[in-house]
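The values are calculated or read from the model by the stated rules, or taken from the named source; none is laboratory data. Model, not experiment: these values are computed from the prediction. For neighbour counting, all protein chains shown are included, and Cβ atoms are generated from backbone atoms with ideal geometry for every residue, glycine included. Accessible surface is based on the protein model in full, side chains and every heavy atom, while ligands, DNA and RNA are left aside. Shrake-Rupley method; radii C 1.70, N 1.55, O 1.52, S 1.80 Å.
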Amino acid sequence: MVDPFCRLVTYLRVSVTDRCDFRCTYCMAENMSFLPKKDLLSLEELDRLCSAFIAKGVRKLRLTGGEPLVRKNIMHLVRSIGRHIEIGDLDELTLTTNGSQLARFAQDLYDCDVRRINISLDTLGPQKFKDITRWGDFSKVMEGIDAAQKAGLKIKLNAVAL
Ligand code: SF4
């Protein structure tokens, strides 16, 4: 794949859900209406789509959301894409997450050949964190970061400057 400026397209970001378990003030209203399930690609369709892009030259793939780890059975997709790393037709599979589910999923992500993740974390102040995310639990995110480090994942923190 080549863009209109003759640059090779080798990096793909795939949003696997519009849902999130936070309600950051700069991102979502508190009472959101999300897309109906019938309008979303199934995990199998996402897998086919990712495989098609990999076959066309994508070497690095990032899963995003909303919050990707709140999508039901998301690890099926991660595992399936991870196989492309094992056979050498994908260099890297990464994820951008708010960290809320990492305590549960960090080891699984590593086992599926994810080696690097981005975590959105706007503040280290628990009260400020609550004010920004509305529904977020700061201690859970810190537990998630600990779990990710323990699992061996490299972490980059993203912060939105307000
Ligand atoms: S964690 Fe990310 S996707 Fe979720 S509400 Fe905040 S900015 Fe939006």
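Before moving on, here are some points about what is shown:
- Some residue of region 18-40 being more than 16 Å from the ligand (Cβ to nearest atom) and either within 19 Å of residue 158 (Cβ to Cβ) or not basic (Lys, Arg) (or both): yes
- Taken over region 1-33, the criterion of being in contact with a strand residue (DSSP E or B) (Cβ under 6 Å, 6 or more places away or on another chain) and over 15 Å from residue 56 (Cα atoms) is satisfied by 14, 15, 16.
- Close Cβ contacts (under 7 Å, 6 or more residues apart or on different chains) running from residues in region 22-39 that are within 18 Å of residue 133 (Cα to Cα) to residues that are among the aromatic types (Phe, Trp, Tyr) and near the ligand (Cβ under 10 Å from one of its atoms) comprise 22/135; 23/135.
- Leading residue by the ranking (nearest to residue 7 (Cα to Cα)) among those in region 48-70 that are under 10 Å from the mean Cα position of the chain (by Cα) and surrounded by fewer than 22 Cβ atoms within 10 Å (Cβ to Cβ): 62
- Restricted to region 18-29, and to residues there that are open to solvent by less than 90 Å² (accessible area, probe 1.4 Å) and of a type outside the set (A, V, I, L, M, F, W, C), the residue that is farthest from residue 137 (Cα to Cα) is 18.
- Entry remark, region 71-105: residues being open to solvent by less than 20 Å² (accessible area, probe 1.4 Å) and part of a loop (DSSP other than H, G, I, E, B) number 4 in total.
- Qualifying residue in region 122-144 (condition: more than 13 Å from the ligand (Cβ to nearest atom), over 22 Å from residue 61 (Cα atoms) and not in a helix (DSSP H, G or I)): yes
- For region 127-144, the count of residues that are open to solvent by 30 Å² or more (accessible area, probe 1.4 Å) and farther than 30 Å from residue 30 by Cβ is zero.
- Failed item in (1) touching a residue at least 24 places away in the same chain (Cβ under 8 Å); (2) farther than 26 Å from residue 1 by Cβ; (3) basic (Lys, Arg), with residue 128 passing the rest: (1)
- Scanning region 106-122 for residues that are open to solvent by 30 Å² or more (accessible area, probe 1.4 Å) and over 18 Å from residue 87 (Cβ atoms) gives 107, 108, 110, 116, 120, 122.
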